[in-house]
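Step one of this worksheet: look at the structure below.
The values are calculated or read from the model by the stated rules, or taken from the named source; none is laboratory data. Note that the structure is a prediction, hence the values are computed from the model and not measured. Positions of Cβ are backbone-derived with ideal geometry, glycine not excepted, and every protein chain shown enters the neighbour counts.
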Amino acid sequence: MAQETVIGISVITSEKANTNGIKVVEALKSKGSKNVYFHIDVDVIDPSESTYQPVTAEGGLTTDAFSNLLKEIYKEFNIVGVSVLLSLLMVQRLSQKVNY
């Protein structure tokens, strides 16, 4: 899937981020962006790398690609906000694995 723009907001797919995070950074730069709000839905992480997700995306973002992408964005832009979306079921599964 290609990069889409919805109401002036760039949407970058996991496919694009997995194959070339530098191109993602270049796409943001080409828009004249200096400040970036970074959001990720955890269910886009490839299911082979996360066992706690109730909803998964085959061919999703690898954890290495996610980490590298975030590092590249951090180097080039001011990160003005971050949000991470977890499902309630995922939070419940994670809490069952933690010994209090």
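Consider region 62-73 and keep the residues that are out of contact with any strand residue (DSSP E or B) (no Cβ under 9 Å at 6 or more places or on another chain) and without any contact (Cβ under 8 Å) to a residue 40 or more places away in the chain. The one that is nearest to Asp41 (Cα to Cα) is Ser67. Of all residues in region 33-44, those that are assigned to a strand (DSSP E or B) have Cβ atoms under 7 Å from Cβ atoms of residues that are among the small types (Gly, Ala, Ser), 6 or more apart or on another chain, in Tyr37/Gly81; His39/Ser83. Among the residues of region 63-88, just one is of a type in the set (D, E, K, R) and more than 19 Å from Lys34 (Cα to Cα), namely Asp64.
Out of Lys75, Lys16, Lys23, one residue alone is modelled with pLDDT of 80 or more and among the charged types (D, E, K, R). It is Lys75.
Filtered by the rule that a residue be within 19 Å of Tyr74 (Cα to Cα) and either at pLDDT below 80 or not β-branched (Val, Ile, Thr) (or both), region 43-63 gives a lone residue, Leu61. Of all the numbered requirements in (1) more than 23 Å from Glu26 (Cβ to Cβ); (2) β-branched (Val, Ile, Thr); (3) surrounded by 11 or more Cβ atoms within 10 Å (Cβ to Cβ); (4) modelled with pLDDT of 80 or more, Val84 misses one, and that requirement is (3).
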